Amino acid sequence: MTRINQSPDVSPEDRPVERGQLTAGVEDARILVVDDMLLMRQMIGMCLSRGGFRNLAYAENGEEALQIIAESPPDLLVLDLKMPKLDGYEVCRALRANPATAALPILVQSASETPEERVEVFAAGATDFVSKPINQPELLARARMHLENRFLIKRLSSFHERMHAELSIARGMQHSLLPEPDGLESIEAETGTRIEAAYQASFELGGDLWGCWTLPGNRLGLFVLDISGHGVTAALNTFRVHATMARFGGRVRTDPAQFLTELNAALKPHFPLGMFATMFYAVLNHGTGKLTYAGAGAPRPMIVGSGGLRFLDSSGLPVGILTSPSYENRTEQLAAGESLFCYSDVLIEAPARDKSFLGEDGLADLVQDVLAEGPRETLVARLLDRFFTGRERVLPDDLTAVAVHRVKTGKA
């Protein structure tokens, strides 16, 4: 949570009205005073000038005020209610109907402050009341308060826009870690597989990542991982994991259990308490179909084919928790015409609009339904189309779905 410190911790009404104590920049705020009486405009201007405000403009009726505002919007409007041509109520409504001035602070000055009038004034869009005749301390306190609020909101909006832009850049950088289409085509041609993948970043920075590479001996390595948490820390650790894996040689990459062991050894000293990564790493001999794999607490992958589906055991301690965990290699056969399907936990945990969850069994049923409706090689695309039926496109976590379709028997 972003915490904004303001000092001293005194309400605006209780602070001494001194120029030196005005929030930086507030004294330069543009204030438009609107009143049909010249004497009142002069009195209000004198009060504001004595309080340190020096950028004042004046209008004698509502029509002139709207024209001035259209040409050069002020930061604060001090507005009389009873005026010829266009009264204060109509000015308020016109300003609130315009997106450019919808948030403009409007101080309405009135000699009458009946409950009925207050309701009508606030309904028209006024921000606050000041009494008439003008009370200088009250006018200055309220003007300062609303200007400080306006400038604070502007700074927060600017900060939000800047952070949104930076998060978009960071998401793009994360996306750049994923395999490129040209590289995947080369891997597919060499391994006799089709690799189908989908990745969607959540509304926050997250920690999903997947990748693959060719290995000696007609083998293909594939990993899917998820860094715990969200935000900048998770994203930075994704880059750290990617850089660490890039340093591993072929000997480590061909042994899934050793791969996870060495990755854990490299990452554990740098992961803060409570940070970890769930992961699945598999090595497929695309000639024989032998699949050797090890898990670190990732969602259970599936082998999908015409004969149905079967889950793989991806249990194991997540990477980054213990200094010396034990990982175990397991084997399975991926026959020609079968697919290995890996996914992130958002597929089983993201709520539908009716608040229901797929869960592991529900996802398995959905996979089988989709498999029966079309080619196995487009399983992921059709699965996600069905998944988002009844769900919002914006998910609470990153979504990763990867399928390795073994389409022919390669060279042994």
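The values are calculated or read from the model by the stated rules, or taken from the named source; none is laboratory data. Treat the numbers as computed from the prediction; the structure is a model and nothing was measured. Ideal geometry is used to build each Cβ from the backbone, glycine not excepted, and the neighbour counts take in all protein chains shown.
The table below gives the values:
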{"item": "Flag if A70 is within 28 Å of R155 (Cα to Cα) and crowded, with 20+ Cβ neighbours inside 10 Å", "result": "no"}
{"item": "Residue in region 284-291 that is within 35 Å of the chain's Cα centre (by Cα) and either surrounded by 17 or more Cβ atoms within 10 Å (Cβ to Cβ) or in a helix (DSSP H, G or I) (or both) present", "result": "no"}
{"item": "Any chance R54 is basic (K, R), touching a residue at least 60 places away in the same chain (Cβ under 8 Å) and either in the same structural domain as A29 (by TED's automatic domain parsing) or surrounded by 15 or more Cβ atoms within 10 Å (Cβ to Cβ) (or both)", "result": "no"}
{"item": "Unique match (being within 30 Å of Q258 (Cα to Cα) and either more than 25 Å from the chain's Cα centre (by Cα) or of a type in the set (D, E, K, R) (or both)) among L366, L334, L347, L379", "result": "L334"}
{"item": "Residue count, region 354-379 (criterion: more than 17 Å from R310 (Cα to Cα) and among the hydrophobic types (A, V, I, L, M, F, W, C))", "result": "2"}
{"item": "Wholly within region 101-208, helices (runs of 4 or more DSSP H) carrying at least 1 residues that are outside the structural domain of R240 (by TED's automatic domain parsing)", "result": "115-124, 136-175"}
{"item": "Unique match (being charged (D, E, K, R), at pLDDT 90 or above and crowded, with 16+ Cβ neighbours inside 10 Å) among E138, E60", "result": "E60"}
{"item": "Cross-chain or 6+ apart pairs with Cβ under 8 Å, region 154-173 first and within 17 Å of F239 (Cβ to Cβ), then of a type in the set (F, W, Y) and assigned to a helix (DSSP H, G or I)", "result": "M173/F239"}
{"item": "Among (1) touching a residue at least 60 places away in the same chain (Cβ under 8 Å); (2) surrounded by fewer than 18 Cβ atoms within 10 Å (Cβ to Cβ); (3) within 20 Å of S314 (Cβ to Cβ) - the single one L209 does not satisfy", "result": "(2)"}
{"item": "Index of the failed condition, L358 passing every other in (1) touching a helix residue (DSSP H, G or I) at 6+ places or on another chain (Cβ under 6 Å); (2) farther than 18 Å from T389 by Cα; (3) not polar (S, T, N, Q)", "result": "(2)"}
{"item": "Candidate set from region 146-175 (those that are at pLDDT below 85 and of a type in the set (S, T, N, Q)); member that is surrounded by the most Cβ atoms within 10 Å (Cβ to Cβ)", "result": "Q174"}
{"item": "Residue within region 307-315 that is surrounded by fewer than 20 Cβ atoms within 10 Å (Cβ to Cβ), in contact with a Ser or Thr (Cβ under 7 Å, 6 or more places away or on another chain), in the same structural domain as T254 (by TED's automatic domain parsing) and modelled with pLDDT of 95 or more present", "result": "no"}
{"item": "Residue within region 305-316 that is polar (S, T, N, Q) and touching a strand residue (DSSP E or B) at 6+ places or on another chain (Cβ under 7 Å) present", "result": "yes"}
{"item": "From the options E373, E360, residue that is of a type outside the set (A, V, I, L, M, F, W, C) and within 26 Å of A277 (Cα to Cα)", "result": "E360"}
{"item": "Any hit, region 387-398, residues being part of a helix (DSSP H, G or I), in the same structural domain as G211 (by TED's automatic domain parsing), surrounded by 15 or more Cβ atoms within 10 Å (Cβ to Cβ) and modelled with pLDDT of 90 or more", "result": "yes"}
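Rundown of residues vs (1) more than 19 Å from T193 (Cα to Cα); (2) polar (S, T, N, Q); (3) touching an Asp or Glu at 6+ places or on another chain (Cβ under 7 Å), yes/no style:
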{"site": "Y281", "(1), (2), (3)": "no, no, no"}
{"site": "A296", "(1), (2), (3)": "yes, no, no"}
{"site": "G337", "(1), (2), (3)": "no, no, no"}
{"site": "F341", "(1), (2), (3)": "no, no, no"}
{"site": "I348", "(1), (2), (3)": "yes, no, yes"}
{"site": "K355", "(1), (2), (3)": "yes, no, no"}
{"site": "L363", "(1), (2), (3)": "yes, no, no"}
{"site": "L366", "(1), (2), (3)": "yes, no, no"}
{"site": "V370", "(1), (2), (3)": "yes, no, no"}
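This table checks each residue for (1) surrounded by 14 or more Cβ atoms within 10 Å (Cβ to Cβ); (2) in a strand (DSSP E or B); (3) in contact with a Cys (Cβ under 8 Å, 6 or more places away or on another chain).
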position: I303; (1), (2), (3): yes, yes, no
position: L347; (1), (2), (3): yes, no, no
position: A352; (1), (2), (3): yes, no, no
position: D365; (1), (2), (3): no, no, no
position: E373; (1), (2), (3): no, no, no
